[in-house]
Amino acid sequence: QVQLVESGGGSVQAGGSLRLSCVASGRTVSNYAIGWIRQGPGQERGLVAAISPNGGSTFYATSVKGRFTISRDNAKNTVYLQMSSLKPEDTADYYCAADTSPPALASEWDYWGQGTQVTVSS
């Protein structure tokens, strides 16, 4: 089992920044890829960013590329999502998820945190 706890969400005006954190515990966390997945109002969950177990490889959804940065500190069992130039359409519940082999569908990651809410006002 892997336990994930997110923090750092909140309300911000468009153009602002937030940094989300995901603290992991349980099995050897450094063996897991970590993804940030969001679900906006009336929308399906979608993968925003992901990072490989050793941090050497990252993925970003087109909608956030150049604005969001994912990173991890395995010594602290923590993954970060730095979000800049936020837009109202970034408003969503943000979840971190873990999997040894990231699935094609965002909803199929093995382990999930409880989520943190991000609200961006115009």
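The values are calculated or read from the model by the stated rules, or taken from the named source; none is laboratory data. Please read all numbers here as calculations on a predicted model, not as lab measurements. In this analysis, Cβ positions are derived from the backbone assuming ideal geometry, glycine residues included, and neighbour counts consider all displayed protein chains. To get the accessible areas, we keep the full protein, side chains included, count just its heavy atoms, and leave off ligands, DNA and RNA. Shrake-Rupley method; radii C 1.70, N 1.55, O 1.52, S 1.80 Å.
A few points about this structure:
- In the chain, the ratio of gyration radius to Kirkwood radius, Rg to Rh, stands at 0.94 when only Cα atoms are counted.
- Per-q log10 I(q)/I(0), region 54-104, q = 0.18, 0.23, 0.25, 0.29 Å⁻¹ (Debye; single scatterer per alpha-carbon; no solvent): -0.71, -1.11, -1.25, -1.41
- Label zone of Ser7 (point 7 Å out along Cα→Cβ, amide N under 19 Å): in region 77-119 this covers 77-83, 94-97, 112-119.
- Carbon and sulfur %, accessible surface of the chain computed with the full protein complex present, 1.4 Å: 45
- Contact order normalised by residue count of the chain, Cα under 8 Å, 6+ apart, percent: 36
- Here the spin labels are modelled as points 7 Å beyond Cα on the Cα-Cβ line, and at Gln114 and Ser71 they lie 2.7 nm apart.
- Theoretical FRET efficiency, 1/(1+(r/R0)^6), r = Cβ-Cβ of Ser121 and Thr28, R0 35 Å, to 0.05: 0.30
- Residues of region 34-78 with amide N under 17 Å of a point placed 7 Å along Cα→Cβ from Ala104: 46-47
- Using the Karplus relation 6.51 cos²θ - 1.76 cosθ + 1.60 with θ = phi - 60°, the per-residue 3J(HN,Hα) values for region 31-45 come to 8, 10, 6, 10, x, 9, 10, 10, 9, x, x, x, 10, 7, 5 Hz, with x marking Gly and Pro.
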